[in-house]
Amino acid sequence: MNPVNFDFHCHSVVSDGLLQPAELARRAAQNGVDTWALTDHDDLGGLAAAADAAREAGMAFVTGVEISIEWREVPIHIVGLGFDAAHPALGAGLHDLRLGRIERARRMSDALAAISIPGVFEGAMGYAGNPSLISRAHFARYLVEIGIAKDVQTVFQYYLTPGKPGYVDHRWATLQDAVAWIKAAGGVAVVAHPARYRISNGDLRRFLAEFKDMGGDGIEVVCGSHTAEHVLHFARLARHFDFHASRGSDFHGPAESYVDLGKLPALPEDLKPIWRLLS
Ligand code: AMP
Ligand code: MN
Ligand code: MN
Ligand code: MN
């Protein structure tokens, strides 16, 4: 594997994306991606179709998943890449993780009903291609539909983030679980979009040190939500912790994403690209 344009982070309708896995594959290839991973939240259900479509489009395909964890009560996302999707430990861990989402969604809906926005569970479910992956993104789309705010970003800002009325705490997986499941299945573990966490610089370093000790392999240095300053900052942290560097758009759909598949800057040249760890 020696990609020129790899994109190792995006979502299909199997989680909270807007396109089918095969549509994403075709779009990635059209955008010049040569090596591609689908990384749906907490679910592997799109990987078979994605692999077939990637092959048809002439791209190398890497299995992927974005696992929801919490570390010291901060929600964080860990991307797994290049694993055996049939491995039972990974499948069982993700299955248990998904079970909590419906219950959380009911609590979110109750919290919104308490501020006179009723029926949001049912409304959000109408946007979920995969009910067990019901997500805040589906809530946001429904709340836009009923005119609560003009777009999903605004809904998140006023209703779905910590301290806002539709946000509820939730027990996700642990860091240890996520790394262990990925490693058991032969994959590599990467910290997703490290600039997005509500965490101090000191805690982020402590988190990265724990991740490294557990066998974590890399961090996203170039991703859809990173500014040029973020890229420099996380490149320094990758060097400091001797992490491999990943690159991913976090594309969810044409109208909802910071950048399109593959339309990202290159990784800083001295960093070790994460694909070197994949066969
Ligand atoms: P959940 O896993 O249900 O907590 O939902 C998290 C998902 O919501 C993320 O993967 C994003 O797709 C989306 N999301 C989170 N924060 C925002 C935001 N501020 N604006 C738009 N989408 C967001
Ligand atoms: Mn998402
Ligand atoms: Mn994420
Ligand atoms: Mn993502």
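Here each label is just a point 7 Å from Cα along the line to Cβ, and for Ala86 and Arg55 those points are 1.3 nm apart.
Each Lys or Arg adds one and each Asp or Glu takes one away; over the other residues whose Cβ falls under 15 Å from the Cβ of His95, this sums to -4. Rolled with a 1.4 Å probe across the full set of protein chains, the surface gives Thr161 an accessible area near 30 Å². Candidates Val231, Ser279, Pro254 compared by Cα position along the dipole of the chain: farthest toward the positive end lies Val231, with charges placed on Cβ.
Site pair Thr174 and Ser225 shows an inter-label distance of 2.5 nm when each label is modelled 7 Å from Cα along Cα→Cβ. Expressed as a whole percent, the accessible surface of the stretch 101-160 that belongs to carbon and sulfur atoms is 54, based on a 1.4 Å probe.
When both bridge partners sit in the stretch 10-121, DSSP labels roughly 65% of those beta bridges antiparallel. Springs between Cα atoms under 10 Å define the GNM used for the chain, and in it the highest mean-square fluctuation of Asn130, Asn201, Asn31 occurs at Asn201. For the chain, a Gaussian network of Cα nodes joined below 10 Å ranks Leu99, Leu133, Leu143 by mean-square fluctuation, and the top entry is Leu99.
Centre-to-centre, using Cα atoms only, the stretch 163-192 and the stretch 27-89 are separated by 15 Å.
Packing order of peptides 71-84, 205-218, highest average first: 71-84, 205-218 (average count of other Cβ atoms within 10 Å over each peptide's residues). Residues Arg55, Arg247, sorted by accessible area with the largest first, give Arg55, Arg247 [1.4 Å probe; ligands and nucleic acids excluded]. A Förster radius of 51 Å combined with the Cβ-Cβ distance from Ser200 to Glu145 puts the calculated FRET efficiency at roughly 0.90.
The stretch 116-132 and the stretch 139-159 have Cα centres spaced 13 Å apart. Here is how the number arises for the chain: DSSP H runs of 4 or more residues each give -39500 (n - 2.57), the sum is divided by the residue count, and the result at 222 nm is -11500 deg cm²/dmol.
Comparing Leu44, Leu204, Leu19 in a Gaussian network model of the chain (Cα springs below 10 Å), the most mobile by mean-square fluctuation is Leu204.
Solvent exposure of the chain amounts to 42 Å² per residue of accessible area, where only protein heavy atoms count and the probe is 1.4 Å. Taking every DSSP beta bridge that has both ends in the chain, the antiparallel portion is near 45%. What FRET efficiency do you get for Lys212 and Gln153 if R0 is 35 Å and r is their Cβ-Cβ distance, rounded to the nearest 0.05? For Lys212 and Gln153, the calculated efficiency is 0.60.
The values are calculated or read from the model by the stated rules, or taken from the named source; none is laboratory data. This is a predicted model, so every value here is computed, not measured. Cβ: placed from backbone, ideal geometry, glycine included. Neighbour counts: every protein chain shown. Note: accessible area is taken over every heavy atom of the protein model, side chains too, but ligands, DNA and RNA are not part of it. Shrake-Rupley method; radii C 1.70, N 1.55, O 1.52, S 1.80 Å.
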